[in-house]
Amino acid sequence: GADRGLGRFNVRVDGEASNIDHKNGFSSTGASVQNSVRDRNDYGTSARVGYKATNTTEVFVKADMDSRVYDRKGGTTLNRSNHGKSVVVGAAMDLSGKTKAEAYLGQAKRNYVDPAQKDISEAAYGAKLTWNVNELTSLIGSIDRGIEETTIANSSGYVNTSYKAGVEHAIMRNAVL
(Lines give C-alpha, C1' and ligand atoms only; values in the text may rest on other atoms or scores of the structure.)
Protein backbone atom coordinates (compact mmCIF):
# COMPACT_ATOMS: atom_id res chain seq x y z
CA GLY A 1 0.00 0.00 0.00
CA ALA A 2 0.89 3.64 -0.21
CA ASP A 3 -0.21 6.67 1.78
CA ARG A 4 0.35 10.28 0.73
CA GLY A 5 -0.64 13.57 2.33
CA LEU A 6 -1.39 16.42 -0.07
CA GLY A 7 -2.08 19.52 2.02
CA ARG A 8 -5.40 18.94 3.78
CA PHE A 9 -6.03 15.84 1.64
CA ASN A 10 -4.77 12.33 2.32
CA VAL A 11 -4.81 9.53 -0.26
CA ARG A 12 -4.23 5.87 0.56
CA VAL A 13 -4.18 2.95 -1.88
CA ASP A 14 -3.75 -0.69 -0.83
CA GLY A 15 -3.59 -4.00 -2.69
CA GLU A 16 -3.51 -7.59 -1.51
CA ALA A 17 -3.32 -11.07 -3.01
CA SER A 18 -3.52 -14.34 -1.09
CA ASN A 19 -3.70 -18.04 -1.82
CA ILE A 20 -5.84 -20.05 0.60
CA ASP A 21 -5.19 -23.81 0.55
CA HIS A 22 -7.15 -26.07 2.92
CA LYS A 23 -6.02 -29.63 3.62
CA ASN A 24 -8.54 -32.47 3.61
CA GLY A 25 -9.26 -34.00 6.99
CA PHE A 26 -11.35 -36.48 8.90
CA SER A 27 -14.48 -36.07 10.98
CA SER A 28 -14.84 -37.41 14.53
CA THR A 29 -16.34 -40.58 13.03
CA GLY A 30 -13.33 -41.08 10.73
CA ALA A 31 -15.13 -40.02 7.53
CA SER A 32 -13.10 -38.06 4.97
CA VAL A 33 -13.84 -34.30 4.86
CA GLN A 34 -13.19 -32.56 1.52
CA ASN A 35 -11.82 -29.19 2.61
CA SER A 36 -10.21 -28.59 -0.79
CA VAL A 37 -13.55 -27.21 -2.07
CA ARG A 38 -12.65 -24.11 -0.01
CA ASP A 39 -9.31 -23.49 -1.81
CA ARG A 40 -9.19 -20.09 -3.48
CA ASN A 41 -7.18 -17.05 -4.47
CA ASP A 42 -8.25 -13.67 -3.11
CA TYR A 43 -7.37 -10.37 -4.79
CA GLY A 44 -8.32 -6.98 -3.41
CA THR A 45 -7.68 -3.29 -3.78
CA SER A 46 -8.75 -0.33 -1.72
CA ALA A 47 -8.63 3.44 -2.14
CA ARG A 48 -9.35 6.04 0.54
CA VAL A 49 -9.46 9.82 0.12
CA GLY A 50 -9.61 11.91 3.26
CA TYR A 51 -9.97 15.62 3.90
CA LYS A 52 -8.79 17.18 7.15
CA ALA A 53 -11.80 19.39 7.90
CA THR A 54 -10.36 20.62 11.22
CA ASN A 55 -7.20 19.97 13.22
CA THR A 56 -8.93 17.05 14.95
CA THR A 57 -11.38 15.71 12.30
CA GLU A 58 -10.90 14.00 8.96
CA VAL A 59 -13.80 13.02 6.71
CA PHE A 60 -13.20 10.30 4.15
CA VAL A 61 -14.59 8.19 1.33
CA LYS A 62 -13.30 4.64 0.90
CA ALA A 63 -13.92 2.18 -1.94
CA ASP A 64 -12.94 -1.51 -1.93
CA MET A 65 -13.02 -4.07 -4.75
CA ASP A 66 -12.09 -7.74 -4.53
CA SER A 67 -12.32 -11.05 -6.35
CA ARG A 68 -12.40 -14.50 -4.79
CA VAL A 69 -11.52 -17.18 -7.30
CA TYR A 70 -12.20 -20.75 -6.16
CA ASP A 71 -10.08 -23.64 -7.47
CA ARG A 72 -13.18 -25.91 -7.69
CA LYS A 73 -11.38 -29.08 -6.62
CA GLY A 74 -13.05 -31.98 -4.85
CA GLY A 75 -15.76 -32.77 -7.39
CA THR A 76 -18.00 -29.74 -6.74
CA THR A 77 -20.02 -28.41 -9.67
CA LEU A 78 -20.93 -25.15 -7.91
CA ASN A 79 -18.68 -22.22 -8.76
CA ARG A 80 -18.37 -20.09 -5.59
CA SER A 81 -16.12 -17.50 -7.26
CA ASN A 82 -17.38 -13.96 -6.71
CA HIS A 83 -16.62 -10.26 -6.95
CA GLY A 84 -17.27 -7.71 -4.23
CA LYS A 85 -17.30 -3.98 -3.87
CA SER A 86 -18.11 -1.51 -1.14
CA VAL A 87 -18.23 2.24 -0.77
CA VAL A 88 -18.33 3.94 2.62
CA VAL A 89 -18.15 7.47 3.97
CA GLY A 90 -16.85 8.23 7.42
CA ALA A 91 -15.01 10.41 9.84
CA ALA A 92 -11.93 10.01 12.02
CA MET A 93 -11.56 12.23 15.09
CA ASP A 94 -8.95 12.93 17.72
CA LEU A 95 -11.21 13.34 20.76
CA SER A 96 -8.68 14.28 23.44
CA GLY A 97 -5.11 13.75 22.29
CA LYS A 98 -5.27 10.32 23.99
CA THR A 99 -8.50 9.04 22.48
CA LYS A 100 -9.22 8.58 18.76
CA ALA A 101 -12.46 7.45 17.12
CA GLU A 102 -13.40 6.45 13.60
CA ALA A 103 -16.81 5.54 12.16
CA TYR A 104 -18.10 4.78 8.67
CA LEU A 105 -21.32 3.80 6.88
CA GLY A 106 -21.97 2.62 3.34
CA GLN A 107 -23.02 -0.24 1.09
CA ALA A 108 -21.39 -3.61 0.31
CA LYS A 109 -22.28 -5.88 -2.60
CA ARG A 110 -21.09 -9.34 -3.63
CA ASN A 111 -21.87 -10.83 -7.05
CA TYR A 112 -21.45 -14.57 -7.62
CA VAL A 113 -20.30 -16.09 -10.91
CA ASP A 114 -22.64 -19.10 -10.67
CA PRO A 115 -26.30 -18.14 -11.29
CA ALA A 116 -27.30 -20.69 -8.62
CA GLN A 117 -25.69 -18.40 -6.02
CA LYS A 118 -27.76 -15.42 -4.90
CA ASP A 119 -26.01 -12.01 -4.97
CA ILE A 120 -25.84 -10.16 -1.64
CA SER A 121 -26.22 -6.41 -1.09
CA GLU A 122 -26.18 -5.05 2.46
CA ALA A 123 -25.31 -2.03 4.55
CA ALA A 124 -21.67 -1.89 5.63
CA TYR A 125 -20.62 -0.04 8.76
CA GLY A 126 -17.97 0.07 11.40
CA ALA A 127 -16.42 2.01 14.22
CA LYS A 128 -13.15 1.96 16.16
CA LEU A 129 -12.21 3.60 19.43
CA THR A 130 -8.58 3.79 20.60
CA TRP A 131 -7.66 5.06 24.05
CA ASN A 132 -3.96 5.55 24.73
CA VAL A 133 -3.89 4.85 28.46
CA ASN A 134 -0.26 5.98 28.56
CA GLU A 135 2.68 6.17 26.13
CA LEU A 136 3.06 2.37 26.12
CA THR A 137 -0.47 0.94 26.42
CA SER A 138 -3.61 1.34 24.29
CA LEU A 139 -7.11 -0.10 24.65
CA ILE A 140 -8.88 -0.67 21.33
CA GLY A 141 -12.50 -1.58 20.61
CA SER A 142 -14.15 -1.99 17.22
CA ILE A 143 -17.24 -3.13 15.36
CA ASP A 144 -17.26 -4.12 11.70
CA ARG A 145 -20.04 -5.37 9.41
CA GLY A 146 -19.47 -6.94 6.00
CA ILE A 147 -20.13 -9.92 3.70
CA GLU A 148 -18.15 -13.12 4.36
CA GLU A 149 -17.49 -16.43 2.56
CA THR A 150 -19.14 -19.77 3.26
CA THR A 151 -19.11 -23.20 1.65
CA ILE A 152 -22.38 -24.26 3.31
CA ALA A 153 -24.77 -25.78 0.76
CA ASN A 154 -27.53 -23.46 -0.51
CA SER A 155 -25.82 -20.36 0.88
CA SER A 156 -23.92 -17.78 -1.17
CA GLY A 157 -22.32 -16.02 1.79
CA TYR A 158 -23.38 -14.35 4.99
CA VAL A 159 -23.46 -10.93 6.60
CA ASN A 160 -21.14 -10.82 9.61
CA THR A 161 -20.96 -8.25 12.39
CA SER A 162 -17.83 -8.64 14.50
CA TYR A 163 -17.05 -6.98 17.81
CA LYS A 164 -13.45 -6.80 18.99
CA ALA A 165 -11.66 -5.55 22.08
CA GLY A 166 -7.94 -5.58 22.64
CA VAL A 167 -4.93 -4.24 24.45
CA GLU A 168 -1.64 -3.21 22.82
CA HIS A 169 1.49 -2.67 24.89
CA ALA A 170 4.89 -1.55 23.60
CA ILE A 171 7.46 -3.85 25.19
CA MET A 172 10.29 -2.20 23.25
CA ARG A 173 10.58 0.76 20.91
CA ASN A 174 9.93 -1.44 17.84
CA ALA A 175 7.91 -4.31 19.38
CA VAL A 176 4.25 -4.23 20.36
CA LEU A 177 2.48 -7.02 22.25
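A 21 angstrom limit on the alpha carbon distance is what I want to check against. Which of Lys118/Lys164; Lys62/Lys128; Lys62/Lys109; Lys52/Lys128; Lys52/Lys100; Lys128/Lys164 exceed it?
Lys118/Lys164
Over the chain, with a Gaussian network built from C-alpha contacts below 10 Å, which listed residue (Asn134, Asn41, Asn82) shows the highest mean-square fluctuation?
Greatest mean-square fluctuation among the candidates belongs to Asn134.
Could you sort 7-16, 99-108 so that the peptide with the highest average Cβ count within 10 Å comes first and the rest follow in order?
99-108, 7-16
Can you pull the percent of the chain's accessible area that's carbon plus sulfur, 1.4 Å probe, other chains left in place?
Answer for the chain: carbon and sulfur cover 55 percent of the accessible area.
If the convex hull of the alpha-carbon atoms of the chain is projected onto planes in all directions, what is the mean projected area in square nanometres?
On the way: hull surface 52.8 nm².
Result: a mean projected hull area of 13.2 nm².
Please give the solvent-accessible surface of Thr161 in Å², to the nearest 10, using a probe radius of 1.4 Å with every protein chain present.
For Thr161, solvent-accessible area is about 50 Å².
Using only Cα atoms, locate the centre of the stretch 36-82 and the centre of the stretch 127-141, then give the distance between them in Å, rounded to an integer.
After rounding, the separation between the Cα centres reads 27 Å.
Per residue of the stretch 83-90, what does 6.51 cos²θ - 1.76 cosθ + 1.60 with θ = phi - 60° give for ³J(HN,Hα)? Whole Hz please, x for Gly and Pro, Karplus curve as stated.
10, x, 8, 8, 9, 9, 10, x
Rounded to the nearest 10 Å², what accessible area does Met172 show when all protein chains are kept and the probe is 1.4 Å?
120
Quote the charge dipole size of the stretch 43-119 about the Cα centre in Debye, to the nearest 20; the model charges only the Cβ of Lys and Arg (+1) and of Asp and Glu (-1).
Approximately 160 debye in magnitude.
With every protein chain kept in place and ligands, DNA and RNA left out, what is the accessible area per residue of the chain? Probe 1.4 Å, answer in Å². Let's see the in-between values first.
Values: 11410 Å² over 177 residues.
Solvent-accessible surface per residue comes out at 64 Å².
Taking Cα pairs under 8 Å and at least six residues apart, what relative contact order does the stretch 27-122 come out at, in percent?
Value for the stretch 27-122: 22 percent.
Name the most mobile residue of Ser155, Ser86, Ser27, meaning the one with the largest mean-square fluctuation, in a Gaussian network model of the chain with Cα contacts below 10 Å.
Looking only at Ser155, Ser86, Ser27, the largest GNM fluctuation is found for Ser27.
Top mean-square fluctuation among Ser156, Ser121, Ser18, Gaussian network model of the chain, C-alpha springs under 10 Å?
Taking springs between Cα atoms under 10 Å, the residue moving most is Ser18.
Normalised by the number of residues in the chain, what is the relative contact order in percent for Cα pairs under 8 Å and 6+ residues apart?
13
The values are calculated or read from the model by the stated rules, or taken from the named source; none is laboratory data. Computed from a prediction, not measured in an experiment: that's the story for all the values here. Heads up, the Cβs are rebuilt from the backbone with ideal geometry, glycines too, and the neighbour counts pull from every protein chain shown. In case anyone asks, the SASA skips ligands and DNA or RNA and just uses the protein heavy atoms, side chains included. Shrake-Rupley method; radii C 1.70, N 1.55, O 1.52, S 1.80 Å.
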